[in-house]
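*Asks:* Questions regarding the structure given below will be posed in turn.
The values are calculated or read from the model by the stated rules, or taken from the named source; none is laboratory data. Note that the coordinates shown come from a computational prediction; the quantities given were computed from them, not determined experimentally. Cβ placement follows ideal geometry from the backbone for every residue including glycine, while neighbour counts extend to all protein chains displayed.
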Amino acid sequence: MGILSFGDGGWGDEMLLGALMTISVAVASFAFGLVLGVGGASLKLSRLAPVRVLGDAYTTIIRGIPDLLIIYLLFFGGNGAVMSVARLFGYTQYIELNAFTVGVFALGVISGAYSTEVIRGAVLAVPTGQIEAAKAAGMNRLLIFRRIMVPQVARFALPGLGNVWQLTLKDTSLISVIGLVEIMRTASVASGSTREPFTFYLLAALLYMLLASFSNRGFNAAERWANRGVRRA
Amino acid sequence: MSIEFIQEVLPRLLGGLLLTLQIVPLSLVLGFALAVLVALMRLSPNLLLSGLAYGYVYVFRSTPLLVQIFLIYYGSGQFRSFFQEIGLWPVLREAYWCAIIALTLNTGAYTSEIIRGGIQSVPWGQIEAARACGMSRLLLFRRIIFPVAIRQALPAYGNEMILMVKSSSLASTITIMELLGVTRQIVSETFVVFPTFAMAGAIYLSINFGLTRGVQWLERRLSPDLYRPRETGDAIAH
């Protein structure tokens, strides 16, 4: 087990750091995805048809093409895109995005498309009678959003968002192809230098399983908390 | 994006598409057979069988496909002499077969859960009725449980097929020149980034669009009772 030890001779500490990077990328992308999901859901639920089309296009395109393609596109095309935007503002220096930024952006856009659908469903699950009652009670739109919509949408969306989180967590492995040193990348480097690929990819698999089961528990606890006042048949 | 570029690149992309359209159906068919077996194991009263099935499904659903592909393709190399001895090395040496094995095992795990849900949704009264008619277990499965379960599972299985079309792109990470592999090759040769990826994306989108439509058509065909057009219903009511 020498190769898995912590310290200079072993890969234990490197794998642990890789796991921390995986967690950071996953959390950042999931959070960014949530923001996009709220935005996407409001597009899809808009009263204006052209706005709805925009929301539909976002979810259909992102969910219809491979995640790896989106990651490659942003990795190879991202620099150029950012530089041409910067040039509009008079900045002509070379800009290079790091793998973390590209990765979080790409995974966020992907998980945002799935979050959009989850949040849209949760918004539609709030009974219209409650909105009417709130209006009748004289609440303004902001107050209705804050007091009636947000608490319930959060509760309805939680199980679906748990799935999106698991998906995002697993998708972080794809970021290894653009060179971010997370679990997969560390496992690749370690297997190259020790010639024991099975050992390291198995360890990687175990780490992902561990992260998945821990976060699953977290989401279950959150669901219990959010449903604490709800009567069950 | 010039017309010449499209003319030059499209045949190569379609060549990659051909390989994608070979990998996906093959893994789907093999994975489906595996999934039926695993779902039956999972529902069996034998604790060893159901435990094995549960473990397999749990492991493959909670790890990324990329790990599974690398574990099979690169990982098998660590036990090369063992695989050579039992004669499996010629298979595991080929990236193509490693990709097929990984995709099959992956979709098998997800599909078995879909099929299990379908089987569990079969109303108990139908099974009792079939037993009362004297059907054997095999006949009961073939005539009652399987057809009803398939109808129930079809929408979810449609999603799984789309996921597989997308997942097959990961085969490009182990040197397979399917659609995304060819796309990357073109990008690194020509440095034309956006148009090339956009063309590949459009191809993936149209496959998935076609698949969605195909599944919808099949759903309507298999359960015409659920999709009776409203006009006919009204005509009967009047």
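*Asks:* Looking only at residues in region B:179-197 that are more than 8 Å from chain A (Cβ to nearest Cβ) and over 15 Å from B:GLU8 (Cβ atoms), which one is nearest to the chain's Cα centre (by Cα)?
*Replies:* It comes out as B:LEU179.
*Asks:* Does B:GLY125 satisfy the criteria of being in a helix (DSSP H, G or I), without any contact (Cβ under 8 Å) to a residue 40 or more places away in the chain and closer than 15 Å to B:LEU154 by Cα?
*Replies:* Considered against the rule, which asks whether it is in a helix (DSSP H, G or I), without any contact (Cβ under 8 Å) to a residue 40 or more places away in the chain and closer than 15 Å to B:LEU154 by Cα, B:GLY125 comes out as no.
*Asks:* Quick one: in region A:190-203, of everything that is closer than 29 Å to A:PHE76 by Cβ and touching a residue at least 40 places away in the same chain (Cβ under 8 Å), which residue is farthest from the chain's Cα centre (by Cα)?
*Replies:* Residue satisfying both the conditions and the ranking: A:ALA190.
*Asks:* Restricting to region A:13-44, and then to whatever is closer than 26 Å to A:VAL181 by Cα and of a type in the set (Val, Ile, Thr), can you tell me which residue is surrounded by the fewest Cβ atoms within 10 Å (Cβ to Cβ)?
*Replies:* A:VAL35
*Asks:* Next question. Of these, A:LEU161, A:LEU107, A:LEU169, which one is modelled with pLDDT of 95 or more, farther than 30 Å from A:THR199 by Cα, in contact with a Ser or Thr (Cβ under 8 Å, 6 or more places away or on another chain) and not polar (S, T, N, Q)?
*Replies:* A:LEU161
*Asks:* What is the one condition in (1) more than 13 Å from chain B (Cβ to nearest Cβ); (2) surrounded by 20 or more Cβ atoms within 10 Å (Cβ to Cβ) that A:TYR91 does not satisfy?
*Replies:* Exception for A:TYR91: condition (2).
*Asks:* Inspect all residues belonging to region B:51-63 and state whether any of them is small (Gly, Ala, Ser) and touching a helix residue (DSSP H, G or I) at 6+ places or on another chain (Cβ under 8 Å).
*Replies:* The answer is yes, given that some residue of region B:51-63 is small (Gly, Ala, Ser) and touching a helix residue (DSSP H, G or I) at 6+ places or on another chain (Cβ under 8 Å).
*Asks:* Is it true that some residue in region A:53-65 is in contact with a helix residue (DSSP H, G or I) (Cβ under 6 Å, 6 or more places away or on another chain), of a type outside the set (D, E, K, R), farther than 30 Å from B:MET199 by Cα and crowded, with 17+ Cβ neighbours inside 10 Å?
*Replies:* no
*Asks:* Can you tell me which residue is surrounded by the most Cβ atoms within 10 Å (Cβ to Cβ) among those in region B:54-81 that are among the aromatic types (Phe, Trp, Tyr) and within 11 Å of chain A (Cβ to nearest Cβ)?
*Replies:* Top of the filtered list is B:PHE70.
*Asks:* Which residue pairs have Cβ atoms closer than 6 Å, lie 6 or more positions apart in sequence or on different chains, and pair a first residue in region B:213-227 that is without any contact (Cβ under 8 Å) to a residue 12 or more places away in the chain with a second residue that is outside any helix (DSSP H, G or I)?
*Replies:* Short answer, once both residue conditions are applied: B:ARG220/B:TYR227.
*Asks:* Name the single residue, out of those in region B:46-74 being part of a helix (DSSP H, G or I) and among the hydroxyl-bearing types (Ser, Thr, Tyr), that is nearest to A:VAL164 (Cα to Cα).
*Replies:* Going through the qualifying residues, I end up with B:TYR58.
*Asks:* On to the next question. Does A:ARG47 satisfy the condition of being surrounded by fewer than 16 Cβ atoms within 10 Å (Cβ to Cβ) and at negative phi?
*Replies:* So A:ARG47 fits the description; yes.
*Asks:* Here's another thing I want to ask about it. Output the residues belonging to region A:193-214 that are more than 30 Å from A:GLY162 (Cβ to Cβ) and at the interface with chain B (Cβ under 9 Å from one of its Cβ atoms).
*Replies:* A:ARG195, A:GLU196, A:PRO197, A:PHE198, A:THR199
*Asks:* A follow-up question, please. Report whether or not A:SER173 is closer than 24 Å to A:LEU54 by Cβ, touching an Asp or Glu at 6+ places or on another chain (Cβ under 9 Å) and of a type in the set (S, T, N, Q).
*Replies:* Taking the combined requirement at face value, the residue does not satisfy it.
*Asks:* To continue, here is another question. Take the conditions basic (Lys, Arg), touching a residue at least 60 places away in the same chain (Cβ under 8 Å) and surrounded by 14 or more Cβ atoms within 10 Å (Cβ to Cβ) and apply them to B:ARG93. Does it pass?
*Replies:* no
*Asks:* Inspect all residues belonging to region B:110-119 and state whether any of them is in a helix (DSSP H, G or I) and either within 14 Å of chain A (Cβ to nearest Cβ) or closer than 22 Å to B:LEU18 by Cα (or both).
*Replies:* yes
*Asks:* Residues in region A:49-56: is at least one within 14 Å of chain B (Cβ to nearest Cβ), closer than 30 Å to A:THR186 by Cα and not small (Gly, Ala, Ser)?
*Replies:* No, because not a single residue in region A:49-56 is within 14 Å of chain B (Cβ to nearest Cβ), closer than 30 Å to A:THR186 by Cα and not small (Gly, Ala, Ser).
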